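Nothing in this text is a laboratory measurement; each read-out follows from the coordinates by a stated rule. Predicted model, so just to flag it, every value in this text is computed and none were measured. Neighbour counts run over all protein chains shown; Cβ positions are idealised from the backbone, glycine included.
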Amino acid sequence: MTAANTRILELRAELDQHNYRYHVLDEPSIPDAEYDRLFRELKALEAEHPELVTADSPTQRVGSTALSAFTQVRHEVPMLSLGNAFDDTDMREFDRRVSEGLDLPAGDLFGGGAEVEYSCEPKLDGLAVSLLYQDGYLVRGATRGDGTTGEDISVNVRTVRNIPLKLHGSGWPAVLEVRGEVFMSKAGFDRLNEAQLAAGGKTFANPRNAAAGSLRQLDSKITASRPLEFCCYGLGQVSEEFSDTHIGNLKQLQQWGMPISHELKLARGIADCLDYYRDIGERRASLPYEIDGVVFKVNSLASQRELGFRAREPRWAIAHKFPAMEELTELLDVEFQVGRTGAVTPVARLKPVKVAGVTVSNATLHNMDEVARLGLMIGDTVIIRRAGDVIPQVVQVVLERRPGDARPVHIPERCPVCGSHVERTQLVKRSKGRETISEGAVYRCVGRLACGAQLKQAIIHFVSRRAMDIEGLGEKSVEQLVDEGLVSSPADLYTLTFEQIVDLEGFAELSSKNLLQAIADSKRPALARFIYALGIPDVGEETAKVLARSLASLERVQRALPQVLTYLPDIGLEVAYEIHSFFSDAHNQQVIGQLLERGLELQDQGELGAEFAASTTLGGLIDKLHIPSVGPGGAQKLAEKFGSLQGVIEADWLDMRQALPEKQAKSVREFFDSPDNARAALAIEAQLRDFGMHWQSEKKTVEGLPLAGQTWVLTGSLELMSRDVAKARLESLGAKVSGSVSGKTHCVVAGPGAGSKLVKANELGLKVLDEEAFVAFLSQPGI
Ligand code: IVH
């Protein structure tokens with residue numbers, strides 16, 4: 001056998017295998033670009049050796065056999081494929097063939113030829129579908145399959161929300177077969193993968209695979225839950241023609257309710273086509289869906305008929321492809337980078353490869369869970385994907401190409417920068433009264449500011465515009481200050497002298513003076529800015545603002561117990577633990593101490609935020625202890641019955657049974673029988689009181705309470721506290737909370753959006769408080 005023949009057989013076997021994986025399993029193992037290369041190699045070899053072409057060669061077929069699980073459907077009009085153009089020359093060649101085929105006068109170097117009208121459309125990256133309408137009703141949906149026989153996916157296409165089940169208007173042919181692409185938007189794809197990850201399911205490498213995998217589901221409920229969309233680009237069989245151009249057809253179909261591309265345009269001549277290609281190419285990253293090229297079709301249907309078909313492709317249409325977004329390369333190594341919060345992140349070092357015009361030699365691997373999910377080994381051949389402007393990603397391992405000496409990826413035991421231990425982070429979850437700690441996906445270097453990488457990043461963050469806003473300290477300067485040993489914590493910035501910095505690279509007399517002035521000017525930050533600048537893991541600007549507004553002093557923020565922090569809006573237990581552990585760290589305490597010694601004066605400190613003080617009740621506290629089988633109702637009953645936490649802890653069994661049913665009472669008993677639980681609960685209560693929370697006894701001795709005998713009404717939306725909390729607070733003060741306004745109402749609390757109740761209150765001349773006034777009222781001493 002000749003070398004050519006051997007290679008041809010090899011290529012056919014390989015292409016057959018990839019065809020099967022792509023069309024039948026929806027699980028391609030190589031990127032399209034690689035498939036195209038193999039395909040072109042085979043085509044070229046067959047062109048050189050026409051005697052070796054056989055009918056079963058992949059070059060002679062379209063797509064692949066239908067998956068037997070679905071009923072088979074015969075396409076009356078075959079569903080064909082498109083020829084590809086990869087550059088302007090291919091496109092001009094196509095245009096020349098069209099003109100020739102239509103007997104139009106050819107142009108010369110200076111143009112002058114007849115201009116053919118082309119329709120221009122994006123080439124959506126999804127899967128081709130045929131929709132058959134009879135008398136306006138959708139009666140069948142089918143995949144392309146091998147072009148002649150597809151699969152009946154009628155049930156599934158009906159779940160795609162923008163496919164009309166009945167055509168709009170009137171005048172449609174009795175038999176109308178619409179063809180187009182089912183695809184998934186980029187946003188839909190991201191949402192689906194996030195949901196799959198959260199549910200422990202498999203994720204999809206790209207939107208095309210996700211769309212194909214979703215549409216060809218035997219369980220149509222799964223299809224229905226997936227964000228699929230349809231875009232129509234042509235016709236199959238029709239009982240009656242209704243336009244004489246392709247664009248005319250699409251516009252008419254749109255009138256009948258069919259979604260068509262927003263980017264559909266008419267081009268006059270090849271120059272217009274090339275402009276369209278460039279325009280869409282520039283906007284490719286910002287389009288909401290993925291495209292792998294644009295499609296040009298001769299607009300006149302008469303001309304299309306004249307040109308006809310050649311093997312698997314129409315002569316009147318072509319796909320002008322964009323550079324592929326996925327490519328194959330080799331994983332040379334995995335290195336570990338250390339970020340500001342100490343997260344040790346695996347980064348793929350790749351054999352450089354051009355992906356969509358950019359050379360890629362690194363890709364993020366996110367975390368070790370991702371490495372495990374991909375099943376990645378060093379030496380593997382991997383698929384790299386560059387979607388839009390995002391950082392390149394490794395989406396898949398090509399297992400067939402794993403070398404014998406591939407090595408597993410291990411997280412280092414010690415930080416590659418400072419040599420400190422690397423520990424796995426823990427996730428704290430609470431359910432049924434127990435905190436369970438599980439392993440997180442992130443590993444962290446425990447070196448904190450003693451780790452050069454973290455120190456540099458921490459200082460870059462500390463000085464940044466939204467943090468301490470120290471101008472004149474770029475990344476390079478920070479690196480120098482750290483490398484020269486001039487700065488080993490953010491506090492050291494405040495001891496820098498002119499002599500120390502003036503000789504550094506990039507500094508001169510003026511810039512040194514300016515920097516020292518900027519540092520001096522940063523000494524009176526708002527508390528929120530300062531908390532944000534500290535760079536506590538998971539504490540962004542919003543959380544920093546909440547902490548500052550609610551606790552109103554650095555000292556309280558530093559001391560706050562994790563459970564107390566969870567009283568603040570939007571702070572969950574995990575973030576609470578991060579905050580607590582940050583301030584418990586001796587080194588961090590030292591740095592904060594130094595910052596204050598060196599003249600930092602925090603602004604906006606003072607009394608505890610009124611909303612926080614007003615948002616706590618004893619019932620709420622007991623509820624937050626998460627005693628098994630005791631919900632908010634049970635917690636409230638305990639508060640009313642015993643009036644203090646100590647009272648609940650010391651309650652005798654009979655009293656307890658009066659407050660709660662047996663099962664709950666037992667559970668409360670068991671909970672407080674553990675001295676740790678009792679101690680922790682009392683510590684939380686003590687801190688809340690210490691911070692200025694002042695709930696009165698919640699025992700139902702209504703007389704003598706400040707609001708005894710009053711009826712209050714809450715209306716509109718409350719933003720500073722929940723309605724339940726407001727109600728509980730009023731009730732604990734002895735008030736009754738009613739749903740309707742009458743002459744007997746003492747006061748109405750009206751939040752934004754208050755309607756008829758507020759009107760009535762005003763008519764009756766009742767006292768009305770807005771939410772701020774209400775919160776201020778609740779935080780008065782004695783209330
Ligand atoms: S026309 C006979 N138009 O690309 C012409 N195809 O390789 C048939 N595609 O299977 C196709 N967008 O799945 C056409 N605007 C568009 C398209 C489009 C995406 C897909 C389609 C087809 C493949 C051709």
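Using the Kirkwood radius over C-alpha pairs as Rh, can you work out the diffusion coefficient of the stretch 488-647 via Stokes-Einstein at 25 °C, viscosity 0.890 mPa s, in µm² per second? Please list the in-between numbers first.
Details: Rh = 18.3 Å.
Rounded to a whole number, D works out at 134 µm²/s.
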Inset, instruction - Bin width 5 Å, alpha-carbon pairs only: give the P(r) of the stretch 248-300 as whole percents, running from 0 to the bin holding the largest distance. - result: 4, 16, 26, 21, 21, 11, 1
Legend entry - C-alpha center-to-center spacing [the stretch 459-492, the stretch 617-643] in angstrom: 48
Legend entry - Kirkwood-based shape ratio for the stretch 156-260, expressed as Rg/Rh from alpha carbons: 1.07
Inset, instruction - List, in the order given, every pair from K624/K760; K641/K757; K545/K624 whose Cα-Cα distance in the structure shown is over 31 Å. - result: K624/K760; K641/K757
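Could you compute Rg(Cα) / (2.2 N^0.38 Å) for the stretch 111-180, with N its residue count? Walk me through the numbers before you get to the answer.
Values: Rg = 15.8 Å, N = 70, 2.2 N^0.38 = 11.1 Å.
Output field value: 1.43.
Take the Cβ-Cβ distance between E100 and E509 as r, set R0 to 60 Å, and report the resulting FRET efficiency rounded to the nearest 0.05. Each step should come with its number before you reach the end.
Working: r = 74 Å, r/R0 = 1.23.
According to the calculation, E is roughly 0.20.
Using just the alpha carbons, could you tell me how many Å³ per residue the convex hull of the stretch 297-456 encloses?
Details: hull volume 34.8 nm³, N = 160.
Value for the stretch 297-456: 217 Å³ per residue.
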Inset, instruction - Could you go through the stretch 732-745 in sequence order and give the Karplus-derived ³J(HN,Hα) for each residue, using 6.51 cos²θ - 1.76 cosθ + 1.60 with θ = phi - 60°, rounded to whole Hz, and x for Gly and Pro? - result: 5, 8, x, 7, 9, 10, 10, x, 10, 8, 8, x, 7, 5
Legend entry - Rg/Rg_globular for the stretch 707-747, with Rg_globular taken as 2.2 N^0.38 Å and Rg from C-alpha atoms: 1.10
Inset, instruction - Post the alpha-carbon centroid distance, the stretch 390-412 to the stretch 538-613, in whole angstrom. - result: 42
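Based on Cβ point charges of +1 for Lys and Arg and -1 for Asp and Glu, what charge dipole magnitude is obtained for the stretch 400-487 about its Cα centre, in debye rounded to the nearest 20? Spell out each step's value before the answer.
On the way: 15 positive and 12 negative charges, 131 e Å.
That gives the stretch 400-487 a dipole magnitude of about 620 debye.
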Legend entry - Surface/4 estimate of mean projected area, convex hull on alpha-carbon atoms of the stretch 540-626, nm²: 6.1
Inset, instruction - Normalise the Cα radius of gyration of the chain by 2.2 N^0.38 Å (N = residues in it) and let me know the number. - result: 1.26
Legend entry - Taking only Cα atoms of the stretch 192-336, radius of gyration then Dmax in Å: 19.4, 64
Legend entry - Cross-link partners of K186 among lysines (Cα-Cα below 17 Å; sequence separation of 8 or more within a chain): K123
Legend entry - Nonlocal amide H pairs with I260, under 5 Å, H built at 1.01 Å: C232
Inset, instruction - Enumerate cysteines in the chain without a disulfide-compatible partner, where compatibility requires another Cys Cβ under 4.7 angstrom. - result: C120, C231, C232, C273, C747
Legend entry - Cα-based equivalent ellipsoid of the stretch 402-494: semi-axis lengths in Å, sorted from largest, via gyration tensor: 32, 23, 12
Inset, instruction - Please state the charge dipole magnitude for the chain, taken about the Cα centre, from unit charges on C-beta atoms (+1 on K and R, -1 on D and E), reported in debye and rounded to the nearest 20. - result: 2480
Inset, instruction - Based on a Kirkwood Rh over C-alpha pairs, give the Stokes-Einstein translational diffusion coefficient of the stretch 484-548 at 4 °C and viscosity 1.567 mPa s in µm²/s. - result: 96
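Can you give the extra length, in nm with one decimal, that the chain gains between I411 and F777 once fully stretched, where that is 0.36 nm per residue apart less the Cα-Cα distance? Please list the in-between numbers first.
On the way: separation 366, 0.36 × 366 = 131.76 nm, distance 5.56 nm.
Computed gain between I411 and F777 is 126.2 nm.
How much length would be gained if the chain were fully extended between V398 and Q594, taking 0.36 nm per residue of separation minus their Cα-Cα distance, in nm to one decimal?
Taking 0.36 nm per residue and subtracting the Cα distance, the gain is 65.2 nm.
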Legend entry - Pairwise label distance in nanometres, R723 with Q658, each label 7 Å out on the Cα-Cβ vector: 3.3
Inset, instruction - Name the long-range amide H neighbours of N362: under 5 Å, sequence gap of 5 or more, or other chain; modelled H, no Pro or chain starts. - result: L350
